[in-house]
Amino acid sequence: MILTLTPNPSLDRTIEVDALVRGEVHRARSSRVDPGGKGVNVSRALVKHRTSTVAVLPAGGAEGAQLAALLAPIGVPVIDIPLASPTRSNVTLVEPDGTTTKINEPGPVLSPAEITAMTERVTTFAGSADWVVLSGSLPRGVPSPFYAELVERIHALGGRVVVDTSGEPLADAVAAGPDLVKPNAEELVEVAGGPLLTWGDVADAARRLRSLGVGSVLVSLGGDGALLVDDDGTRRAFTAAVDVRSTVGAGDATLAGFLVAGARGDTALQTAVAFGAAAVSLPGSAMPAPSDVQIDLVTVENDPDLSTPLKGDTR
């Protein structure tokens with residue numbers, strides 16, 4: 001079982017427009033509402049691929065009730081943490097060429113009692129989980145070292161931890177030595193420095209994280225693919241170009257694919273990139289089903305040419 005924690009989940013409304021022009025009235029081509037948040041997306045993808053998962057979710061208000069109502073039909077088991085404040089709503093505007101504009105609300109302010117409840121739920125179930133995924137931004141009221149403290153608690157219980165976040169919470173978590181982190185290019189630069197112009201730059205930054213105690217580093221690089229640095233060395237993987245419909249949740253799908261395939265080695269990296277490529281071809285933050293994933297189109301290089309420049313598409 002894979003346990004996911006999303007401290008700041010959301011309702012994600014995606015609106016497709018012909019072109020986004022500031023200050024103008026727009027007519028939507030289509031719209032949809034998905035249950036959102038990075039850990040929520042990971043659990044949604046795992047369920048589609050018949051991998052056992054449980055999602056820990058602090059949620060409140062009518063928005064929180066709608067979030068639960070959206071997750072129930074797709075079979076994501078939820079451990080609910082009631083909040084006094086409502087769950088946030090995010091809006092994504094997508095243009096025909098795949099250009100994505102996001103507006104994310106800050107989310108609720110959690111009380112000390114709500115933070116304690118969230119911690120207790122995770123640690124209660126962490127001992128029976130194969131992996132614990134700590135994912136997404138921290139809501140207001142939650143201190144930056146929150147993920148780092150959870151990493152230490154979960155390790156004390158004998159569990160394995162993935163951290164997928166950004167900024168100061170990621171830097172704090174790295175210092176606690178999680179088993180796996182999954183930054184994108186921007187997040188990697190924030191925590192390890194940059195710039196990232198070549199695959200070698202990405203590999204060097206990932207190695208810096210490992211030198212601080214991280215077990216493995218999986219870097220998602222959008223159209224460039226992904227890079228994995230672990231005890232077995234450095235590998236890159238990439239696939240043929242796909243028609244991009246929405247980039248929202250693609251990194252979460254990438255992480256889900258890596259976990260589905262065992263979270264180690266060539267097959268896991270190949271599956272991760274295939275999941276991510278499938279996700280960008282779908283609307284909104286839809287997670288790929290098995291029929292969407294084309295693993296055989298992904299190339300894995302065990303001895304990559306690290307001087308190869310990045311294309312610069314680092315979503």
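The values are calculated or read from the model by the stated rules, or taken from the named source; none is laboratory data. Predicted model only: the values in this text are computed from it and were never measured. All Cβ positions, glycine included, derive from the backbone under ideal geometry; neighbour counts span all protein chains shown.
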> Only one residue in LEU212, LEU228, LEU221 is in contact (Cβ under 8 Å) with a residue 12 or more places away in the chain and under 22 Å from HIS49 (Cβ atoms), so which one is that?
Replying inline: LEU228
> Does region 50-68 include one or more residues that are surrounded by fewer than 23 Cβ atoms within 10 Å (Cβ to Cβ) and within 20 Å of LEU282 (Cα to Cα)?
Replying inline: yes
>> Name the residue that is surrounded by the fewest Cβ atoms within 10 Å (Cβ to Cβ), counting only residues in region 224-240 that are over 22 Å from PRO178 (Cβ atoms) and out of contact with any Asp or Glu (no Cβ under 9 Å at 6 or more places or on another chain).
In response: ALA240
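Yes/no matrix, rows are residues, columns are (1) among the hydroxyl-bearing types (Ser, Thr, Tyr); (2) more than 26 Å from GLY257 (Cα to Cα); (3) touching a residue at least 60 places away in the same chain (Cβ under 8 Å):
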| site | (1), (2), (3) |
| --- | --- |
| THR14 | yes, no, yes |
| ARG29 | no, yes, no |
| ALA45 | no, no, yes |
| VAL78 | no, no, no |
| PRO82 | no, yes, no |
| GLU114 | no, yes, no |
| GLU120 | no, yes, no |
> What number goes with the only condition from (1) out of contact with any Ser or Thr (no Cβ under 7 Å at 6 or more places or on another chain); (2) within 28 Å of LEU20 (Cβ to Cβ); (3) assigned to a strand (DSSP E or B) that LYS102 does not pass?
Replying inline: (1)
> Does region 121-129 contain at least one residue that is surrounded by 15 or more Cβ atoms within 10 Å (Cβ to Cβ), at pLDDT 95 or above and hydroxyl-bearing (Ser, Thr, Tyr)?
Replying inline: yes
> Does PRO7 satisfy the criteria of being farther than 22 Å from ILE115 by Cα and either at pLDDT 95 or above or assigned to a helix (DSSP H, G or I) (or both)?
Replying inline: no
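To keep it simple, each residue is scored yes or no on (1) crowded, with 21+ Cβ neighbours inside 10 Å; (2) basic (Lys, Arg).
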{"position": "ARG245", "(1), (2)": "no, yes"}
{"position": "PHE258", "(1), (2)": "yes, no"}
{"position": "ASP266", "(1), (2)": "no, no"}
{"position": "SER291", "(1), (2)": "no, no"}
{"position": "VAL300", "(1), (2)": "no, no"}
{"position": "PRO304", "(1), (2)": "no, no"}
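Yes or no, residue by residue, for (1) in a strand (DSSP E or B); (2) aliphatic (A, V, I, L, M); (3) within 22 Å of ILE115 (Cβ to Cβ); (4) touching a strand residue (DSSP E or B) at 6+ places or on another chain (Cβ under 8 Å):
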| position | (1), (2), (3), (4) |
| --- | --- |
| LEU3 | yes, yes, yes, yes |
| VAL25 | no, yes, no, no |
| VAL33 | yes, yes, no, yes |
| VAL40 | no, yes, yes, yes |
| LEU46 | no, yes, no, yes |
| VAL54 | yes, yes, yes, yes |
| ALA68 | no, yes, yes, yes |
| VAL76 | no, yes, no, yes |
| SER85 | no, no, yes, yes |
>> Take the conditions in contact with a Ser or Thr (Cβ under 6 Å, 6 or more places away or on another chain) and among the charged types (D, E, K, R) and apply them to ASP164. Does it pass?
In response: yes
> Could you say whether any residue in region 276-285 is in contact (Cβ under 8 Å) with a residue 24 or more places away in the chain and more than 22 Å from GLU95 (Cα to Cα)?
Replying inline: no
> Out of all the residues in region 291-308, which are closer than 13 Å to PHE238 by Cα, part of a helix (DSSP H, G or I) and not aliphatic (A, V, I, L, M)?
Replying inline: ASP296
> Any chance region 166-184 includes a residue that's without any contact (Cβ under 8 Å) to a residue 60 or more places away in the chain, closer than 30 Å to ILE295 by Cα and more than 18 Å from the chain's Cα centre (by Cα)?
Replying inline: no
> Restricting attention to region 162-191, which residues are touching a Lys or Arg at 6+ places or on another chain (Cβ under 8 Å), buried (at least 24 other Cβ atoms within 10 Å of the Cβ) and not β-branched (Val, Ile, Thr)?
Replying inline: ASP164
